[in-house]
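First the structure, in the form of structure tokens, and then the observations on it.
The values are calculated or read from the model by the stated rules, or taken from the named source; none is laboratory data. In this text the structure is predicted, and so the values were computed from the model without any measurement. A quick note on method: Cβ atoms are made from the backbone with ideal geometry, for glycine too, and the neighbour counts reach across all protein chains shown.
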């Protein structure tokens, strides 16, 4: 177990392109932090830099008390789970699990005991003699996790480990992973492009864009108080509605310098208190999710999505008015994109 | 199966059978001639089948011609060349495919270019070099030049490109050194291609003629192909004896191929590695 610290970590490619810019971040001992961002934002590169698979250009990476910038991966006390599991195809589950210990010259009997204990914990005991090609996606995933666990690393690095699984399995593995983190108590860095996964797993979430950190906060903090327009639009599904001037001209709000956003679940079909705002548009689409509907209204080419309780009276093509409280609006500076704190 | 499918299948097999016969025919004929008593009396073209099969050519090739001795020379050279060449090509091909190092492109191009250089063009400089270090008439004169083979390197490089990078990274994180990664992970993944390269190397070494003829000037050091060719010169044309020598010479290659056929075919037909 160890604390992970990144100080002004920067990585430039040979052509001068900066793929990581001044990354400052500390992951506490035993914390599970998730890193999320659109593809190409540098999150996987950052993870590979922490692992030692890629070199950084400047800055410092510390694991525990040690500066690891110049250490090879095997001396960094990290384990990594890869997106496609990266199991050794020519080795059985047992051999896959044991490889890291064998390499470290752990005695055969100790290897055997540890492999079997970990396999039992992950429900792999019956599969030890199988080859990766004979396993299901979830079993491969567990094997990859087991291999990482056997290293007993200070820091556990997970690179989109669930993205190759189908959706129901993904939810199950996500719960298992969370439980595993609780029982192991190891520091974990979890990289994903799926913001809902990032929020549900991470004790804190790092949002990355274009090689730089946009915000670090708890999942609730990220969702409730995004620091800027990018984070607000990236986190949450369906994404936050950004209201163009057309929607708001009866409200008297300043739309010159400020852009307003509202979360889909904050829009309602009926007015609440006096003084609520409303917007009106043509009902374009109704999508039912059983207990909840997502409705989309449009006005002069701009669209707004709302999450509302099922309402049989809604008619496609008709005008629909949606209500919201003034304090549910988010306000962003049009020039800088940063959120105007005073608003809420 | 439909009638059309049957016809298609039958004609496909017919073509394959004709091709197989065309390939096998000379081999079978040579083997058959090896068991004929003085086939040269048939004014040029020996018959397909011996009228009175005999082992006299076989006995002569072993006793008079000391074929066992040359056979052993060839075997020593091929057995030393094959593992060495596979190791060198395996390391070089893997490094060129997966490692990042300065001048990587240049080296790749040089290797590619080396494929185009005919062996005959190398004979003179090689001879100069081996004379200078007094290795002419040494097994090393045949083994060392064959140890680094550009064709093998290019074949393995192409194959090694398909090894997923994540698997290599996983090994590094698991704590394996580069050597350990190579032998424990890379070699098993490249096994089919390494086997194919081994077979090719063995066959090329076994059949090589020009360089062994020049580098091995002592009769005692000659390899089988060179010794067989001199049967022709020393005596009047003894076709039966030559056929017997050729038959004996084919045997080890058949064994090598049969033993590695499974891997060999996998590498030649697949061209891809793992999932």
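Taken residue by residue, the range A:77-95 has at least one member that is facing chain B (nearest Cβ under 7 Å) and more than 30 Å from the chain's Cα centre (by Cα).
Screening the range A:41-70 for residues that are assigned to a loop (DSSP other than H, G, I, E, B) and out of contact with any strand residue (DSSP E or B) (no Cβ under 9 Å at 6 or more places or on another chain) and picking the one that is farthest from the other protein chains (Cβ to nearest Cβ) gives A:65. Any residue that is part of a strand (DSSP E or B), surrounded by fewer than 12 Cβ atoms within 10 Å (Cβ to Cβ) and over 28 Å from the mean Cα position of the chain (by Cα) - is there at least one of those in the range A:276-284? Looking for residues that are part of a strand (DSSP E or B), surrounded by fewer than 12 Cβ atoms within 10 Å (Cβ to Cβ) and over 28 Å from the mean Cα position of the chain (by Cα), one finds none in the range A:276-284, hence no. Assess whether residue B:87 counts as being without any contact (Cβ under 8 Å) to a residue 40 or more places away in the chain, within 21 Å of residue B:202 (Cα to Cα) and part of a helix (DSSP H, G or I). Here the answer is yes, as residue B:87 does meet what is asked.
Within the range A:95-109, can one find any residue that is assigned by TED's automatic domain parsing to the domain that holds residue A:15 and closer than 23 Å to residue B:100 by Cα? Checking the range A:95-109: not a single residue is assigned by TED's automatic domain parsing to the domain that holds residue A:15 and closer than 23 Å to residue B:100 by Cα. Being within 13 Å of chain B (Cβ to nearest Cβ) and part of a helix (DSSP H, G or I) is true of residue A:74. Note on the range B:171-229: enclosed helices (runs of 4 or more DSSP H) holding 2 or more residues that are within 14 Å of chain A (Cβ to nearest Cβ) are B:178-181, B:187-207. Checked against the criterion of being part of a helix (DSSP H, G or I), over 20 Å from residue B:141 (Cβ atoms) and in contact with a helix residue (DSSP H, G or I) (Cβ under 7 Å, 6 or more places away or on another chain), the range B:118-128 has no qualifying residue. Which numbered condition trips up residue A:146, out of (1) under 28 Å from residue A:2 (Cβ atoms); (2) in contact (Cβ under 8 Å) with a residue 24 or more places away in the chain; (3) more than 14 Å from every other protein chain (Cβ to nearest Cβ)? Residue A:146 satisfies all of (1) under 28 Å from residue A:2 (Cβ atoms); (2) in contact (Cβ under 8 Å) with a residue 24 or more places away in the chain; (3) more than 14 Å from every other protein chain (Cβ to nearest Cβ) except (3). The number of residues in the range B:131-163 that are within 14 Å of chain A (Cβ to nearest Cβ) and surrounded by fewer than 19 Cβ atoms within 10 Å (Cβ to Cβ) comes to 1. Filtering the range A:261-275 to residues that are outside any helix (DSSP H, G or I) and within 21 Å of residue A:223 (Cβ to Cβ) leaves A:261, A:262, A:263, A:267, A:268. Based on this model, can you work out whether residue B:114 counts as touching a helix residue (DSSP H, G or I) at 6+ places or on another chain (Cβ under 8 Å), within 14 Å of another protein chain (Cβ to nearest Cβ) and over 21 Å from residue B:77 (Cα atoms)? For residue B:114, the condition - touching a helix residue (DSSP H, G or I) at 6+ places or on another chain (Cβ under 8 Å), within 14 Å of another protein chain (Cβ to nearest Cβ) and over 21 Å from residue B:77 (Cα atoms) - is not met. Only residues that are crowded, with 17+ Cβ neighbours inside 10 Å and either outside any loop (DSSP other than H, G, I, E, B) or touching a strand residue (DSSP E or B) at 6+ places or on another chain (Cβ under 6 Å) (or both) were counted across the range A:108-155, and they come to 24. Given the criteria on the phi < 0 side of the Ramachandran plot, crowded, with 17+ Cβ neighbours inside 10 Å and part of a strand (DSSP E or B), does residue A:296 qualify? Answer is yes for this residue. Candidates A:85, A:105: the one that is surrounded by fewer than 20 Cβ atoms within 10 Å (Cβ to Cβ) and assigned to a loop (DSSP other than H, G, I, E, B) is A:105.
When B:174, B:208, B:166 are screened for being without any contact (Cβ under 8 Å) to a residue 60 or more places away in the chain and buried (at least 19 other Cβ atoms within 10 Å of the Cβ), only B:174 passes.
Has the range A:162-183 got any residue that is within 14 Å of another protein chain (Cβ to nearest Cβ) and in contact (Cβ under 8 Å) with a residue 12 or more places away in the chain? Checked against the condition, which is being within 14 Å of another protein chain (Cβ to nearest Cβ) and in contact (Cβ under 8 Å) with a residue 12 or more places away in the chain, the range A:162-183 yields at least one hit. From the list A:23, A:50, the one residue that fits, being within 20 Å of residue B:169 (Cα to Cα) and at pLDDT 95 or above, is A:50.
Yes/no matrix, rows are residues, columns are (1) outside the structural domain of residue A:78 (by TED's automatic domain parsing); (2) crowded, with 24+ Cβ neighbours inside 10 Å; (3) under 25 Å from residue A:21 (Cα atoms):
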position: A:162; (1), (2), (3): no, yes, no
position: A:178; (1), (2), (3): no, no, no
position: A:191; (1), (2), (3): no, yes, yes
position: A:215; (1), (2), (3): no, no, yes
